[in-house]
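Everything below concerns the one structure shown next.
The values are calculated or read from the model by the stated rules, or taken from the named source; none is laboratory data. Quick caveat, the model's predicted, so the values are computed rather than measured. Counting neighbours? That spans all protein chains shown, and the Cβs are built from the backbone with ideal geometry, glycine included.
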Amino acid sequence: MPGLPPNAYALLGLLVFDANSSESGGMTGYELKQRADFTLRYYWVSPAMSQIYSELRRLATEGYVAEVAGEGATRYRVTPGGAEALQSWLFEGEVGFPILKHPVALRLLMGRLSTPEHLQGMLGEHLDDLAERRADLQGVRDMLGDDHARRYAALVADWGLAYYDSETRIVTDLRERLESMD
């Protein structure tokens with residue numbers, strides 16, 4: 001199994017989904033970035049444009065993607081070897097445990113250097129951000145509907161919605177606890 005970084009597998013997955021489209025002529029790096037921003041951002045860090053192009057170069061060198069001839073920007077398609085590498089990663093790769101990088105939690109950890117009012121404001125802003133992200137994701141979930149071909153994406157969207165609901169409950173509780181600490 002190839003030792004690719006998770007972003008490479010994410011791009012292969014996006015290209016595999018695109019390959020299943022009847023009108024697919026491959027995707028440009030820009031189109032992959034747009035698709036990543038629309039889909040990955042709810043549960044994975046969407047790669048920067050520079051990361052996308054460096055991963056596409058790596059994947060092309062490894063034979064996992066091929067450039068599609070045409071006019072304009074370079075388009076990429078997943079190769080059979082790329083689809084096989086993605087399958088190997090899905091079935092044989094170690095899943096790993098998620099790494100929580102939470103800037104709000106990090107700042108709260110250092111709360112004794114701040115003020116209760118500032119921390120309350122920070123947590124309040126985080127609640128607003130959660131509500132906005134949840135509404136965005138609800139729109140995606142509504143768009144996915146109950147289409148059998150999109151059932152796994154719908155499961156992930158449902159997971160994300162439950163995550164936002166849980167995070168909202170946690171932060172609301174933290175604000176109440178912070179208030180009682182005054």
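Things worth noting here:
Results for (1) surrounded by 10 or more Cβ atoms within 10 Å (Cβ to Cβ); (2) without any contact (Cβ under 8 Å) to a residue 60 or more places away in the chain, shown as yes or no for each residue.
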position	(1), (2)
LEU100	no, yes
HIS126	yes, yes
ARG134	yes, yes
ARG151	yes, yes
VAL156	yes, no
MET181	no, no
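- On the stretch given as region 41-73, residues that are of a type outside the set (D, E, K, R) and more than 20 Å from the chain's Cα centre (by Cα) total 11.
- Between LEU12, LEU106, the distinction of being surrounded by 13 or more Cβ atoms within 10 Å (Cβ to Cβ) and either at pLDDT below 90 or not hydroxyl-bearing (Ser, Thr, Tyr) (or both) belongs to LEU12 only.
- Residue among GLY81, GLY96, GLY121 that is without any contact (Cβ under 8 Å) to a residue 24 or more places away in the chain, under 25 Å from TYR9 (Cα atoms) and over 18 Å from the mean Cα position of the chain (by Cα): GLY81
- Enumeration of residues in region 25-60 that are in contact (Cβ under 8 Å) with a residue 40 or more places away in the chain, within 23 Å of THR79 (Cβ to Cβ) and loosely packed, with under 15 Cβ neighbours inside 10 Å: GLY25, TYR30
- Residues that are in contact with an Asp or Glu (Cβ under 9 Å, 6 or more places away or on another chain) and not aromatic (Phe, Trp, Tyr), drawn from region 42-55: SER46, PRO47
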